[in-house]
Amino acid sequence: MSDTKMYRFNTEALDAIRELRRLFRREMGRDPDPGDPCGFDPDLNEPQPEAEARIKSFMGDIADAAGLAPDLAYAIRKTGLLVTKNNQDGLEENQRAAWKEALAEYETHKRTS
């Protein structure tokens, strides 16, 4: 049996993801690369890691508001990633591992709460 969970994103979640990509493209003049930090300062020419914690939290808030499953919102906040069937092959192994670890951590917290 596979450990992979399948999720369907509602329109609001997809719109939020598209908006983040659009803002990145507008500010950086390119699509985000897997190695880019999550956060970027629109006043600078390169993505800046300092904004990453704030962006991760914001991404988690968007996930909550969009009605994503709580384990996904937790993993987004923890990793700054949104791993899907369509993008997982483009991620590095450590990114996929961090995502899986965050999902497992959520389940552990849920069971002990």
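Values quoted throughout were computed directly from the atomic coordinates according to the rules given, and no laboratory measurement underlies them. All values reported here derive from a predicted model rather than from experimental measurement. Cβ placement follows ideal geometry from the backbone for every residue including glycine, while neighbour counts extend to all protein chains displayed.
Some points to look at:
- Dipole of region 11-112, positive direction: furthest Cα of G90, A69, P32, with charges on the beta-carbon: A69
- Projecting the Cα positions of F58, L103, L81 onto the charge dipole of region 11-112 (unit charges on Cβ atoms of Lys, Arg, Asp and Glu, taken about the Cα centre) puts L103 furthest along the positive direction.
- For region 69-113, chymotrypsin sites (Phe, Trp or Tyr not before Pro) are listed when DSSP marks them as loop and at most 12 other Cβ atoms sit within 10 Å of their Cβ; the list is empty.
- If only the Cβ of Lys and Arg carry +1 and only the Cβ of Asp and Glu carry -1, the dipole of region 11-112 around its Cα centre is close to 300 debye.
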